[in-house]
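What follows draws every value from the coordinates through simple rules; no lab data is involved. Everything numeric in this text was worked out from a predicted model, so none of it was measured. Virtual Cβ from ideal backbone geometry, glycine too; neighbours counted across all protein chains shown.
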Amino acid sequence: MTQGHGGEYRDLVVFLAAAGVVVPLFNRLKISPVLGFLAAGVLLGPDGLGRFAGQGGWLSWLTIGDQAQIRQLSELGVAFLLFMIGLELSWERLKAMRRLIFGLGMLQIALCATALAVVFMALGQPLAGAAVLGMGLALSSTAVVMPVLAAQGRINSDTGRATFAVLLAQDLAVAPILITVTVMATLAQGSVMGADAEPAALGRALFTLAPAAGGLFLMVLLGRVVLRPMFRSVARAQHRGEGRELFVAASLLVVVAAGLGAQAVGLSMSLGALVAGILLAETEFRREVEVAIDPFKGLLLGVFFIGVGIGLDLDAVAADPATVLGLAAGLILLKALVIFVLARAWGLAARPAIEAALVLGPAGEFAFVVLSTGLVEGLAAPGLTHKAMLAATLSMFAVPLLAILARVLTRQAQAPASEDEALSPTDSQIAHGAVLIVGFGRVGRLVGELLAEHEQAFVALDADPASVRSGRGQGHEVYYGDAARPEMLNASGLANARALIVTMDSPTKVDEVVKTARALRPDLILIARARDDRHAARLYALGVTDAVPETTEASLQLAENTLVDLGVPMGLVLASIHERRDGFRRTFQAAAPDDRGARPARAFRTLRSAAPAPQKDT
């Protein structure tokens, strides 16, 4: 990388400029930004503008020169994606998905690897080399497929669930595949040294499984012991006003530390991040962590896609286009056929099976890891392996296009998504229309208890760690987070919520939440706690369905108790109280500021006198 005069930041500037142009442009054109980043990688790489950088000095500022740094950031991007996926899971959901993960997913790997190995053996490759190529190309790209499905809103469909299960199985299989390659190389060396050396070589190879298994167990143990207390401490500091950046820093630390820890014991960085996400999914901080991590995930995944584009060697493709393009097309067709048959056997309808097969047909980022290991171990033939890597890159370019093709093929009659909650990677209650309660102190807890008493599901948010801990201790689904932030409300499922109840005692925070929620969901039932009559009028101006002022309700309750104790029949008392409450509501609505912010002074002067008086008992 060029040093001096800001040259050390050149690649960063080029990437940010590309992101600032690609994402808005492709969103406007309704094309997946993934395809834009891939194209930007080709354009900004050595086979694009890099060809002319030596002829004109200014062109060097429009190219990315340090590919090694891009690859490192790309690993982080994939790790952040898997971490976010882990946040939407739990051990219970993984257990419920075991049939898809360990059945459909693992069988897909085995059958695709076997079919591809047979093809490569037919092309003249020895068994070991064909096996390495088959195992590497059998894997698909989590980093490309999941964002593409998310952009289409397909994550919670039958297609999304089946695809996610297969991708998760593939991520779990990366470490065993790499160990298998090492075992094969060790056995090959042992056979050269003699038959007596083979058992010892096999024992040493299998012993490499111990650090991976032990490291995974240690990660889970430490996560259960350390993560919740650590984030609880950070949340207390944030609640005291010591800065939101502490939560961001803690979240970044968990992702990076989990990824590096997994790498240290021979596992993939993304698998370590996935485990960390699953552990945090069981805590009350999952939503806040998701919001804190999301911007970094998007940027780093952009780096990953650009890195894939940079890695496409156009000269090598042009040198033998028939072989490379034929390998890419054959790879997609063969894998898609196997996956379609398996998906149908696992009970998926034809249309979801077609969609899953097409997006999973291309190769993935771990193909390069497996094939590179095969080259280092001397098992794979260099010439064909390099062409297979080029074919894998081209196939990844095709994922967004194949996803569009799948939607076109299945557009006429889309099968409804399964109602199986256990397979959904999102919160099941929100997905089925729960009530969202903001503020889970005494008022919010009482509202939640009454909702539960009438079998109405609810999810609660609170920015006070003590309230969250108390609510979860009573068995309620309460999460830590600031509901005034639109990203937090979205992460908590506002789009599918049946109603939002704001119970906080701070008028300013209530106003902020109401403004944010009403901007996101104009049709939402929105009920808010008000400090007094003026606050209630302001909330009606902000768009609440109902505002409940404390002072007015306290007065009505006092009047109700007094009348009942004096012997007035309960029915007459309740009718009178309801009539007076309706009168107050009309008055508050009339007193709400108009669009210019002006308050009708007359309405405020008559707040207490304009409401209809209760009729005398007869």
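Some observations on this one:
- Amide hydrogen neighbours beyond the local backbone of L461, cut-off 5 Å, H modeled: I437, V438, G439, Y479
- Global form of segment 90-190, assessed from the alpha-carbon gyration tensor, a/c cut-off 1.5: prolate
- Estimated FRET transfer efficiency (L127, I179; beta-carbon r; R0 25 Å; 0.05): 0.90
- I525 long-range amide H proximity, modeled H, under 5 Å: L500
- Couplings 3J(HN,Hα) for segment 220-237, derived from phi with the Karplus relation 6.51 cos²θ - 1.76 cosθ + 1.60 (θ = phi - 60°), are 5, 5, 5, x, 5, 8, 9, 4, 5, x, 5, 6, 5, 5, 5, 5, 5, 5 Hz, where x marks Gly and Pro.
- Rounded to the nearest 0.05, the FRET efficiency derived from the C-beta distance between I577 and A17 at R0 = 56 Å is 0.30.
- By the compact-protein rule of thumb, 2.2 N^0.38 Å, the alpha-carbon radius of gyration of segment 428-530 corresponds to a ratio of 0.95.
- Backbone HN-Hα couplings from phi across segment 462-473 [Karplus 6.51/-1.76/1.60, Hz, Gly and Pro as x]: 8, 8, 9, x, 5, 5, 5, 5, 5, x, 5, x
- Sequence-distant residues sharing a close amide H with D532 (under 5 Å, placed H): E550
- Additional length obtainable on full extension of the chain from V341 to M230, 0.36 nm per residue less Cα span: 35.3 nm
- Between L299 and S555, the contour length at 0.36 nm per residue exceeds the alpha carbon distance by 86.8 nm.
- Working note: Karplus 6.51/-1.76/1.60 with θ = phi - 60° gives segment 379-384 the couplings 8, 9, 6, x, x, 5 Hz, where Gly and Pro are set to x.
- Equivalent ellipsoid semi-axes - Cα gyration tensor, segment 245-306, angstrom: 18, 16, 10
- Extension gain, R99 back to A322 (0.36 nm per residue minus Cα-Cα distance, nm): 76.3 nm
- Qualifying GluC sites (Glu not before Pro) for segment 460-554 [loop in DSSP, other Cβ within 10 Å: at most 11]: none
- Over segment 66-409, equivalent-ellipsoid semi-axes from the Cα gyration tensor in Å: 33, 25, 19
- Residues listed by number, segment 483-507, amide nitrogen under 19 Å from L446 label point at 7 Å toward C-beta: 501-507
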